[in-house]
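The values are calculated or read from the model by the stated rules, or taken from the named source; none is laboratory data. What you see is a predicted model, and the numbers here were worked out from it, not measured in a lab. Reconstructed Cβ throughout: ideal geometry from the backbone, glycine too, with neighbour counts over all protein chains shown. Remember, those area values only see protein heavy atoms, side chains included, never the ligands or the DNA or RNA. Shrake-Rupley method; radii C 1.70, N 1.55, O 1.52, S 1.80 Å.
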Amino acid sequence: MALALAPGARNKLLAFVDLLAKWNRTYNLTAIRDPMKMVSHHLLDSLAVLPYLPMPAGGELADVGSGGGLPGIPLAIARPQWQVTLNDSNRKKTAFLRQAAIELGLANAKIHPGRVEDWQPAKRFAVVISRGFAELADFLSACGRLVAPGGVLAAMKGVYPTDELARAPAGMTCDRIVRIEVPFVDAERHLVLCRPASAQ
C-alpha cells in the first residue's frame, strides 16, 4: 500500500488484531473470526483511507460508531501525531476500546461513550469518519455538527453508493467519492467525502 508508518506501528497493528480476536470470542465485536482475514478486512481496509483524509496539523479525528475500533485504532497507530476520539454507544465495545488504547499505549486515543446524537464535544473535529453507519444520510445528519470549519465527514462504503448519495441531506456537499483498493479484499470499497455548508 506504500504507506509510511510510524516506528513500531506494524507490531502495534498486529497486537491490535490479537486483542480483537481475543475479545471477539466473548464480546462479538466483529463477524470476522479468522485473524488473517481481520488483517485484510479490518486493518488494511482501515489504513487504505489514510491518503485521502485531509488532516491539518493539529487537527483531530473522530471515529463515530467505532465498534471494535475500526477504523480509529489503526489510524491512531499509524499516525501518532493525530488526536483520535473513538465513539460508540455500546458499553461492551467502549470497554474494549479503553482496554485496547491502554494495552497498545495509544496516548493519542481517547474514548467517548454514548449516542452520537447526544455528543457535545468541546472542540469540533477536522475529520469525522465512520464505517458503522448503514445509511449515508443518517451519518451526515447525526454528525454534521461535529465538523470544524473546513473539515470533512468521511463515510467508508462498499459499492458506489449512488442511491445513498441521492438521499444526502440538504446543506451537504458530497463531491469527492474515491474508489479504494484494499489488498486481499475482493470487493468494492469507496470513501465518500462530504462537507457541511456550515463547515466550508
Scan segment 12-43 for residues that are modelled with pLDDT of 90 or more and out of contact with any helix residue (DSSP H, G or I) (no Cβ under 7 Å at 6 or more places or on another chain) and jot them down. 14, 15
Restricting the search to segment 120-153, which residues are among the polar types (S, T, N, Q) and touching a Ser or Thr at 6+ places or on another chain (Cβ under 9 Å)? 130
Selection from segment 143-200 of residues that are within 27 Å of residue 120 (Cβ to Cβ), free of Cβ contacts under 8 Å to residues at least 60 places away in the same chain and of a type in the set (Val, Ile, Thr): 147, 173, 192
Filtering segment 47-62 down to residues that are more than 15 Å from residue 193 (Cα to Cα) and touching a residue at least 60 places away in the same chain (Cβ under 8 Å) yields 56, 59, 60
Can you name every residue in segment 164-180 that is open to solvent by less than 50 Å² (accessible area, probe 1.4 Å) and assigned to a helix (DSSP H, G or I)? 164, 165
Out of everything in segment 181-194 that is open to solvent by less than 50 Å² (accessible area, probe 1.4 Å) and either assigned to a strand (DSSP E or B) or of a type in the set (A, V, I, L, M, F, W, C) (or both), what residue ends up being modelled with the lowest pLDDT? 185
